[in-house]
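S.K.: Can you keep this structure in mind? I'll have questions shortly.
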Amino acid sequence: MLGKEMQITVDKLQGKKLTAILKVQSCVLKEVSDFMHEKKVLQLLPVMISPITDPLNHSVMDGEISYYEDKLQLTKSMILHKQLSLLGDRAAIYIVSPNIRLELKEKGATGRHLLEFSQVDFELKGKSASEIMAFTEEMLFRIFTRVKKECSQELESLGREFKMPHFPLKVYDSKELEKMLGSDWEKLISQKSTEPIWATNHEREFYDKEDPKRPFSYLNYDIIYPEGFGEGLSGAEREHEYNQILERMKRKGMSFEPYRAYLQIAREGLLEPSAGAGFGVERMVRFITGQEKISEVAPFAKVPGEKFVF
């Protein structure tokens, strides 16, 4: 006889609901591939371990592993590798990247956090925030249109009436949202909204570019899904000038030592201006299919604080 957790997993794996969800996911990823190919964006294969990874703006448990005398990090995101990959004559890259973030147990209650997830990450050389926002909206329009056309039966079986957003999306400054709604503005604006929105100007990681015309304002942008589904995409123009990177790291109280190779590249002036973004595949599929919890769209979900079976 199977235990409770294993029976829940087996029931999910045997269910038609998961099949419908995975058909939607496959449609999303196929359109991403087609869109990027048309835009001449080259696909990178993911980096899963590295001496450096995204430092993140929130606390997670240590993901360091030892390999002989080396210390390697499990990839939290490929943000720094995206910048480095644009050295040379490549104008644009994307990755479907597995990310591992060992979130604290309390994040399990949000319904939208997993310890491992996949992210469609892209970076374009010489582009501005507004150009990436327009690129992203075009991609989302293509994804949503294809899903509605090719997965209508699956959405119906899931009881989801997915409504196409109106583009361009509305844009809000996060500082203004915080003034209006308080520190929990992201959750509240998501609950109040009926369509995705952009929220800009977040103070977070050192690599998000500070606006040279407005000190302590930042050229970054997130998409917040409506209906309480929360943040689904994050992006920014990137800091690429050595002195500015150092200044930003100092403000964050970061040690330079783990990033010495990255900083050497920056000191040589080899980092180029770029901008990009990344969206969680599971979060997008959850939003499109209207699932209560992100664990419902992941066959082998690892939710913070919950027992893992496989």
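S.K.: From the list GLU186, GLU239, GLU247, which one is modelled with pLDDT of 95 or more, crowded, with 18+ Cβ neighbours inside 10 Å, of a type in the set (D, E, K, R) and farther than 29 Å from ALA109 by Cβ?
M.R.: Matching residue, one of GLU186, GLU239, GLU247: GLU239.
S.K.: Could you tell me how many of the residues in segment 259-310 are open to solvent by less than 60 Å² (accessible area, probe 1.4 Å), part of a loop (DSSP other than H, G, I, E, B) and in contact with a Leu (Cβ under 9 Å, 6 or more places away or on another chain)?
M.R.: Qualifying residue count for the region: 10.
S.K.: Collect the residues in segment 230-258 that are in a strand (DSSP E or B) and aliphatic (A, V, I, L, M), keeping them in residue-number order.
M.R.: LEU233, ALA236
S.K.: Output the residues belonging to segment 140-152 that are touching a residue at least 24 places away in the same chain (Cβ under 8 Å) and in a helix (DSSP H, G or I).
M.R.: LEU140, PHE141, ARG142, ILE143, PHE144, ARG146, VAL147, GLU150
S.K.: Of the numbered conditions (1) in contact (Cβ under 8 Å) with a residue 40 or more places away in the chain; (2) open to solvent by 80 Å² or more (accessible area, probe 1.4 Å); (3) within 27 Å of ALA301 (Cα to Cα), MET1 satisfies every one except a single condition; which is it?
M.R.: Status for MET1: all satisfied but (1).
S.K.: Now for a separate question. Kindly indicate the residue of segment 29-42 that is farther than 19 Å from PHE300 by Cα, out of contact with any strand residue (DSSP E or B) (no Cβ under 6 Å at 6 or more places or on another chain) and not charged (D, E, K, R) and also surrounded by the fewest Cβ atoms within 10 Å (Cβ to Cβ) among those meeting that condition.
M.R.: Restricting to residues being farther than 19 Å from PHE300 by Cα, out of contact with any strand residue (DSSP E or B) (no Cβ under 6 Å at 6 or more places or on another chain) and not charged (D, E, K, R), the top hit is HIS37.
S.K.: Residues in segment 196-207: is at least one open to solvent by less than 80 Å² (accessible area, probe 1.4 Å), of a type in the set (Gly, Ala, Ser) and in contact (Cβ under 8 Å) with a residue 24 or more places away in the chain?
M.R.: Yes, segment 196-207 has at least one match.
Quick grid of which residues meet (1) without any contact (Cβ under 8 Å) to a residue 60 or more places away in the chain; (2) more than 20 Å from TYR262 (Cβ to Cβ); (3) over 18 Å from the mean Cα position of the chain (by Cα); (4) surrounded by 14 or more Cβ atoms within 10 Å (Cβ to Cβ):
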{"site": "ALA20", "(1), (2), (3), (4)": "no, yes, yes, yes"}
{"site": "MET48", "(1), (2), (3), (4)": "yes, no, no, yes"}
{"site": "SER59", "(1), (2), (3), (4)": "yes, yes, no, no"}
{"site": "ILE65", "(1), (2), (3), (4)": "yes, no, yes, no"}
{"site": "TYR68", "(1), (2), (3), (4)": "yes, yes, yes, no"}
{"site": "LEU87", "(1), (2), (3), (4)": "no, no, yes, no"}
{"site": "VAL96", "(1), (2), (3), (4)": "no, yes, no, yes"}
{"site": "GLU103", "(1), (2), (3), (4)": "no, yes, no, yes"}
{"site": "THR110", "(1), (2), (3), (4)": "no, yes, no, yes"}
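S.K.: Go through (1) open to solvent by 10 Å² or more (accessible area, probe 1.4 Å); (2) farther than 30 Å from GLU5 by Cβ; (3) in contact with a Leu (Cβ under 8 Å, 6 or more places away or on another chain); (4) not β-branched (Val, Ile, Thr) for SER255 and report which single condition fails.
M.R.: Condition (3) is where SER255 drops out.
S.K.: If GLN25 passes every condition in (1) assigned to a helix (DSSP H, G or I); (2) modelled with pLDDT under 95; (3) among the polar types (S, T, N, Q); (4) closer than 25 Å to GLU123 by Cβ but one, which one does it miss?
M.R.: Status for GLN25: all satisfied but (2).
S.K.: With the structure loaded, tell me whether THR136 is hydroxyl-bearing (Ser, Thr, Tyr), open to solvent by 10 Å² or more (accessible area, probe 1.4 Å), within 25 Å of GLY228 (Cβ to Cβ) and not in a loop (DSSP other than H, G, I, E, B) or whether it fails that test.
M.R.: Answer is no for this residue.
S.K.: So which residues in segment 127-152 are closer than 15 Å to MET284 by Cβ and either over 17 Å from the mean Cα position of the chain (by Cα) or among the β-branched types (Val, Ile, Thr) (or both)?
M.R.: Residues satisfying the conditions are THR136, PHE141, ARG142, ILE143, PHE144, THR145, ARG146, VAL147, LYS148, CYS151.
The values are calculated or read from the model by the stated rules, or taken from the named source; none is laboratory data. Keep in mind the model is a prediction, meaning the values are calculated, not measured. Every residue, glycine among them, receives a Cβ derived from its backbone with ideal geometry; neighbour counts consider all protein chains shown. Heavy atoms of the whole protein, side chains included, go into the accessibility calculation; ligands, DNA and RNA do not. Shrake-Rupley method; radii C 1.70, N 1.55, O 1.52, S 1.80 Å.
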